[in-house]
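See structure below.
The values are calculated or read from the model by the stated rules, or taken from the named source; none is laboratory data. A quick note: this is a predicted structure, and the numbers were derived from the prediction, not measured. Glycine also receives a Cβ, built like all others from the backbone with ideal geometry; neighbour counts cover every protein chain displayed.
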Amino acid sequence: MEQWPPVDDVAFAAELRAALAVVGEVPEEHVRAAQAAFAWRTVDAELTLAELVFDSAGELGAALPTRSAGSARNLSFRGGPIVMEIEVGGTGIVGQLCPADGGRVSARTATGTYEETSIDEVGLFSLGPPPPGPVRLHACSGGFTVVTDWICLR
């Protein structure tokens, strides 16, 4: 067995050349993972995490028989100066972002965006029904970018 690192600079340079000469395709999943990791390098500077501060599904008495099976679920998120209120019903998600200043909102799953729409001048937006599993909302409005916690809406 040879000594590592080589004592001889010539042998070391030859070993290095041999290692660099091995060229191969980088698997696509490795490229995607590297790009995703690189994108996260400035995540804290770019967005505000809006934490869940209210969920009507968890309020006291939510499971009582007086609550109809088809009633809407109301959730509130807060992140810094941003408040996002949403109502999830059978036809989808209706929400409002405050402070209001137009913009865009998207609904995302672990596999990517499933729907995107505009936020009007009073902060209102509407999205279709969420898919099963965790969802998060991502909104850009008035110079702010806010992302909600992951939450199962169905």
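A few remarks follow.
- The residue that is modelled with the highest pLDDT, among those in the range 1-54 that are exposed (fewer than 10 other Cβ atoms within 10 Å of the Cβ) and either within 30 Å of ARG73 (Cα to Cα) or of a type in the set (Lys, Arg) (or both), is ARG17.
- Subset of the range 82-128 (residues that are at pLDDT 95 or above and hydroxyl-bearing (Ser, Thr, Tyr)): SER106, THR117, SER118, SER126
- Residue count for the range 105-154, restricted to those that are surrounded by 13 or more Cβ atoms within 10 Å (Cβ to Cβ), within 16 Å of the chain's Cα centre (by Cα) and in a loop (DSSP other than H, G, I, E, B): 5.
- For first residues located in the range 11-33 and touching a residue at least 24 places away in the same chain (Cβ under 8 Å) and not assigned by TED's automatic domain parsing to the domain that holds THR111, partners that are assigned to a helix (DSSP H, G or I) and exposed (fewer than 10 other Cβ atoms within 10 Å of the Cβ) and lie 6+ apart or on another chain with Cβ distances below 8 Å do not occur.
- Scope the range 124-154; condition within 17 Å of THR48 (Cβ to Cβ) and among the charged types (D, E, K, R); matching residues: ARG136, ASP149
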